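Here is the structure we will look at.
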Amino acid sequence: QRGGCRIAGFASRSGDAIRVLLYAHNEGDYGSGRTASVRGRTASVRRVNPAYDVTLDLASFPWPAAQLTEYRLDRQHNSFLALAEKCRGKKVFSKDEVAELLRLQELAPTRQAETRAEQGKARLTLEVANNGVTFVVLEPR
């Protein structure tokens, strides 16, 4: 836990892939930037957008090198939230806004890199945003 943010995750191996899922959840961050009601109280809240570096050491890494494909889902990555906020209250959307919404409905990798193991261990440094998810697939190179 960092500040009010809980960071957790898990990893699994199946076939020729290792998958890692990390998430960060901050119960006090409601994301609206307006007001929230908690336990009968209404308060003005402001979105907090920190990102956290998480270092994982994967023991018994099965390959000397692997292709890492990362997918982040947070306010800035694979999300239409910023566009939705910009278009709040609109009844008609421009062609560019429709095209952007269609693009954002597809999950896109946020990073691809090669990872090397040393003495059977691989070290990954991943970033996970506040109230976000980072999903990584490692496949043999």
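Under the Karplus relation 6.51 cos²θ - 1.76 cosθ + 1.60, θ = phi - 60°, what is the ordered set of whole-Hz ³J(HN,Hα) values for the stretch 119-133, x standing for Gly and Pro?
These are the phi-based 3J(HN,Hα) values: 6, x, 10, 10, 10, 10, 10, 10, 10, 10, 8, 3, 6, x, 10 Hz.
Considering amide H positions built from the backbone, and no H for Pro or chain starts, which residues 5 or more places from Y52, or on another chain, come under 5 Å of its amide H?
V128, A129, N130
For N78, which sequence-distant residues (separation of 5 or more, or a different chain) have an amide H within less than 5 Å of its own amide H, given hydrogens modelled in the peptide plane?
The answer is none.
From the backbone phi of the stretch 66-74, what are the Karplus-calculated ³J(HN,Hα) couplings (6.51 cos²θ - 1.76 cosθ + 1.60, θ = phi - 60°) in whole Hz, Gly and Pro given as x?
Values, residue by residue: 9, 8, 9, 10, 10, 10, 9, 10, 7 Hz.
Starting at the first residue of the stretch 18-25, write each ³J(HN,Hα) from the Karplus equation 6.51 cos²θ - 1.76 cosθ + 1.60 with θ = phi - 60°, in whole Hz, x for Gly and Pro.
Calculated HN-Hα couplings, in order: 10, 10, 10, 10, 10, 9, 10, 10 Hz.
Amide H neighbours of R111 under 5 Å, at least 5 residues apart or on other chains, H built in the peptide plane: list them.
Sorted by chain and number, the residues that satisfy this are E70.
No lab work stands behind these numbers, since they all come straight from the coordinates. Owing to the predicted nature of the structure, the values given are computational and were not obtained by experimental measurement.
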